[in-house]
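As structure tokens, the structure follows; a few thoughts come after it.
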Amino acid sequence: MSLIERWMSRFSLEQLKMTLWRTAYGNKDTFLSRLDPRVLLIWYVFFTVSPWFFYDRTVLVALFAVSLTLALTSRVSGLILFLMGVSTFMNLVYIGVLALFLGGSGDAFLALITLTLKLLIMGLASVAVFTSIDPEKLSDALLALRLPAPFSFGISYGYRMIPILVEQYQDVFASYRMRGCPPARKGILSWRIGYYFCKICVLAFYPTLLNTAKRVRTTVEALEMRGFTYTLVSGDARRLKLSRMSIRPIDGIFCGLSILYVAAAVWAGHQLAL
Amino acid sequence: MSDIRLSPGSVNPQAAVEILGATFRYPGADRASLDGMDFRVERGGFTAVIGSNGSGKSSLCKALTGLIPHYYSGDLEGSVKVAGVETQSSSVSQLAYRIGYVCQDFENQLVRPTVWEETIFAPMNFGHADYEERATRILERLGIFHLKDRFIWQLSGGQKHITAIAAALSLEPDIIIVDEPAAELDPFHAESIYALLKQLNEREGKTIIVIEHHTEWVAKYCRDVVLLSGGKTVWHKPVAEALSNVEELQAHQIYPPQVTQIAHSLDVGRLEERYPITLEEGITYLRNVGVRAPTNNAEMPASPASEGEVLMRYDNVGYVYPTLDKKGHCVFDKLSLSIRAGDRVAIVGGNGAGKTTLLRMMTGLVKPQQGELSLAGKPLRKMSPEQTAGQVSYVYQKPENMFICDNIRDDIAYFQKARRTDIAEKLTEQLMSRLHLNELKDRDGRLLSGGQQRRASLAIGLSMRPKLLLLDEPTASLDVVSRKETIGMLEKIGDTIEAVVVATHDMQLVAEWANRVLVMHHGKLVADVSPSELFSNEAGWSSWGLMAPQVVELSLGLGWKQAALSPERFLEQARSNRTEIAEVNQVVSY
């Protein structure tokens, strides 16, 4: 077997599916998941926007430390951290090359690193928050923040559909493999095999979507019978969902500490700069 | 014969459902799906609706839930009343309080991630502040409260079905329609669903309407039967009388229970008006007419130790399926078996027993985590699905997954064309005419009926000219005629095929077709026997959660040592006895 074939056989959609599920539903007892989802969402917006107002690297490093800690304590899946790690590393390499190529000094490198740092803060915070908040809470929080009901339902239904879609895709993909024929000549670095796999990866989407569309017909009927359209107009479900959410002291403490921490970081940054 | 149907115009406040002269045509359809249908079910009734494909069963369901005419626009004529309310002047959401509907592909009806969310969904949408109490009550009544925090995808088929029923009951409707409860479930789970419906009917007075192909369930649980044909009601009769109309039912492509078929065949002079419909009745009836065990019934044919060449060998194979909690679920462990040329193997076992994994492993799609697998002596571990394809072909349970082209013809030709063989055209033509697909060849597989899809998927499997053909639940979700057709096709398929392996819940298929049965139970291969050995060992099959075909239980109930596996076999063995009796009777009557 060639390298690509070996890689293809080891990479399993099954594992990917499990990772997605764990990320979505698997973390019910982390610190962030104890917070009210609305507060968490607002905090998240603040935390991803604020880095863009600071140019002081001390502040940014402090923010980075927080998001890294939260990401590590939220039991983010290894796959996602790995992908992030790889992309950051590639980013650094590219920045280094760019800085050298432009004949710049360390300054150019440092300036570009600041950007990477900001992106990393955003990325880690996103991963931490969305691993901790399950799709149900997310959808309720968005509903509470006055986003349209079909949108928030779409999020929770989307998550419900992911395993079904992946399974469907897997089956169709296997159909292509069981009836297809990989090229006899592998080409340099087995590029022909790679091309063969890429091609069926794309082709398998079409039957998957058609099959899913057919199944969804029943779903739409069920939604109709169970008052989904009714509640879009009456808003009853929104009212009931809001009444089961509550902001507790822990939410206040968390927000307060976050603000104090940022303030302290800004102050420390000034001290160091002076 | 008494006919329950009332004349048009009579009004009865006791009716749960009353349809008079309903006519409906889907927009753009050639013919009406409801064509002057009359239908009536009393409050507290347990009614079965039967009829061949296209008889208007699913349109009836949609009319009762109000989806026709509120969601599917079109002209509905006549009157459809549910619990006294005219559906036309009501709405789908108002009707949801009166009637709950569980459809055949119930998995797609579940829209929320957990059992609890699913059950509170409707009460919450309709603004009931006590949604939590409602859901708790229903889950407790249905006995699944302990599952409330489970994710839908963690549930077994039977549990999903009960969840769908719970969701349908969450608004406390008095009427429940269940479309083919037994279609997607193994017999053991189907039995539990029926037991639940019976309980709802008897204890809580709910009106139950089921659409059902399997008349054995109808006989056991329902009180009356409505036969539909071409969008019309043919008749509505009490169950015993309904199922005794053997010839009329068969003309509508419905097969009565095996005991009824047997009694009907024995009654050569057509003297009886009513035949036994349940197992107990059948045993009494056949005892009374003097059917005894055949004299040579004691010996058991030894299990056919096939001498053919070994096609597939499992050697201590183990497989663990990844789960959400990272512990993993052991599908099977240290499994060893071999499949030889000439075998017709049926793999049986409950939902989740690992049957599908076992089959897929033979194609190279799933690699064993322990042990070795070999295909015709070569290790399978190193072979890709593309490499095994010429020797092994796998036909999915859901035929849709095999339709990767725009039409059936291209799908059948795909394998040979990909390999640029010169037989592609000829083989495709040949398969299409053999499996009666010529008229369908330009259609997309997804748009065919269940039976047609199954034929097409079989043709795709055969187009690979395999030595070993693997079929996953080839008869699931098929009506009885398509089922018979599929079994008939299995009898005579493929000149290249040396062995066929089928994973199935369908014990009639096992009894009538297989020559070897592998029983999977809790990740172990607990039996490797012939069908007659399996079904004669009642202690065995019942402890493995299997259910035998009715004719097997009938012959065992009559005290036969070796069970008859099909009504035909039963009649062959019993007939000699019966003719003697018939002759004696004649003599006496002279």
Subset of the stretch B:230-277 (residues that are more than 28 Å from B:Leu20 (Cα to Cα) and surrounded by fewer than 19 Cβ atoms within 10 Å (Cβ to Cβ)): B:Ser265, B:Asp267, B:Val268, B:Gly269, B:Arg270, B:Leu271, B:Glu272, B:Glu273, B:Arg274
Report whether or not B:Leu359 is over 28 Å from the mean Cα position of the chain (by Cα), in contact (Cβ under 8 Å) with a residue 40 or more places away in the chain and assigned by TED's automatic domain parsing to the domain that holds B:Leu448. no
Any idea which of (1) within 25 Å of A:Ser243 (Cα to Cα); (2) more than 13 Å from chain A (Cβ to nearest Cβ); (3) without any contact (Cβ under 8 Å) to a residue 12 or more places away in the chain is the one B:Glu117 doesn't satisfy? (2)
Yes or no: the stretch B:381-394 includes at least one residue that is more than 9 Å from every other protein chain (Cβ to nearest Cβ), within 25 Å of B:Glu184 (Cα to Cα), in contact (Cβ under 8 Å) with a residue 24 or more places away in the chain and not acidic (Asp, Glu). no
For the stretch B:126-148, name all the residues that are outside any loop (DSSP other than H, G, I, E, B) and not basic (Lys, Arg). B:Tyr131, B:Glu132, B:Glu133, B:Ala135, B:Thr136, B:Ile138, B:Leu139, B:Glu140, B:Phe145, B:His146, B:Leu147
Single residue of B:Ala527, B:Ala564 found to be of a type in the set (Gly, Ala, Ser), modelled with pLDDT of 90 or more and outside any helix (DSSP H, G or I): B:Ala527
Could you tell me which residue of the stretch B:35-74 is surrounded by the fewest Cβ atoms within 10 Å (Cβ to Cβ), considering only residues that are β-branched (Val, Ile, Thr), touching a helix residue (DSSP H, G or I) at 6+ places or on another chain (Cβ under 8 Å) and away from chain A (no Cβ under 14 Å)? B:Val49
How many of the residues making up the stretch B:69-94 are within 27 Å of A:Asp236 (Cα to Cα), touching a Leu at 6+ places or on another chain (Cβ under 8 Å) and either without any contact (Cβ under 8 Å) to a residue 40 or more places away in the chain or part of a strand (DSSP E or B) (or both)? 5
Options B:Arg150, B:Arg141: the member that is surrounded by fewer than 18 Cβ atoms within 10 Å (Cβ to Cβ) and more than 18 Å from B:Leu110 (Cα to Cα): B:Arg141
Inter-residue pairs, beta-carbon under 8 Å, first over 15 Å from B:Gln387 (Cα atoms) and in the stretch B:448-470, second acidic (Asp, Glu), 6+ apart: B:Gly450/B:Asp479; B:Gly451/B:Asp479; B:Gly451/B:Glu485; B:Gln453/B:Glu400; B:Arg455/B:Glu485; B:Ala456/B:Asp411; B:Ile460/B:Asp411
Within the stretch B:530-554, restricting to residues that are without any contact (Cβ under 8 Å) to a residue 40 or more places away in the chain and in a helix (DSSP H, G or I), the one that is surrounded by the most Cβ atoms within 10 Å (Cβ to Cβ) is B:Leu534
Just one of A:Met90, A:Met161 is more than 14 Å from chain B (Cβ to nearest Cβ) and either of a type in the set (Gly, Ala, Ser) or in a helix (DSSP H, G or I) (or both); which is it? A:Met90
All but one of (1) under 26 Å from the mean Cα position of the chain (by Cα); (2) more than 30 Å from B:Ile68 (Cα to Cα); (3) within 13 Å of another protein chain (Cβ to nearest Cβ) hold for A:Thr212; state the number of the condition that does not hold. (2)
Quick one: which of B:Ala346, B:Ala353 is small (Gly, Ala, Ser), part of a strand (DSSP E or B), surrounded by 18 or more Cβ atoms within 10 Å (Cβ to Cβ) and at negative phi? B:Ala346
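The rows are residues; the columns are (1) modelled with pLDDT of 90 or more; (2) closer than 26 Å to B:Ser156 by Cα; (3) surrounded by fewer than 23 Cβ atoms within 10 Å (Cβ to Cβ).
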site: B:Ser170; (1), (2), (3): yes, yes, no
site: B:Glu184; (1), (2), (3): no, yes, yes
site: B:Tyr194; (1), (2), (3): yes, yes, yes
site: B:Lys206; (1), (2), (3): yes, yes, yes
site: B:His213; (1), (2), (3): no, yes, no
site: B:Val225; (1), (2), (3): yes, no, no
Restricting to the stretch B:398-420, name every residue that is surrounded by fewer than 21 Cβ atoms within 10 Å (Cβ to Cβ), facing another protein chain (nearest Cβ under 10 Å) and in a loop (DSSP other than H, G, I, E, B). B:Lys398, B:Cys405, B:Asp406, B:Arg419, B:Arg420
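The values are calculated or read from the model by the stated rules, or taken from the named source; none is laboratory data. Please read these numbers as outputs of a predicted model, since none were measured by experiment. So basically every Cβ, Gly included, is an ideal-geometry build from the backbone, and we count neighbours across all protein chains shown.
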